Amino acid sequence: MNDRIFVEARMKAEELLPAVKRRWSKWETVCIRPSGNELPLGWREVERAIAAGAAQPLKQANAALDEATQTLATLLLERALKH
């Protein structure tokens, strides 16, 4: 069961990480990157959990990273609606 949870969480991470990293560089170019480093810290936690093969920490790191992106997605949408 734990192996299945890890595989599912890793698959989610493999979709999430590249998208977040690409978007992170775009946020910098439109000058709305938030202060702090919650996204880089978040994706490093995901990468560490993958490397450790740890299912529950990976699930938690994925959820935290997904939550951290919600604020930035809202900022991008608001900016797009203004233009």
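The table that follows gives values for the structure above.
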quantity: Top-ranked residue of the range 30-58 - restricted to ones that are of a type in the set (Val, Ile, Thr) and modelled with pLDDT of 90 or more, ranked as surrounded by the most Cβ atoms within 10 Å (Cβ to Cβ); calculated: 46
quantity: Any hit, the range 5-12, residues being loosely packed, with under 12 Cβ neighbours inside 10 Å, at pLDDT 75 or above and not hydrophobic (A, V, I, L, M, F, W, C); calculated: no
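The values are calculated or read from the model by the stated rules, or taken from the named source; none is laboratory data. None of the values given here were measured: they were computed from a predicted structure. A quick note on method: Cβ atoms are made from the backbone with ideal geometry, for glycine too, and the neighbour counts reach across all protein chains shown.
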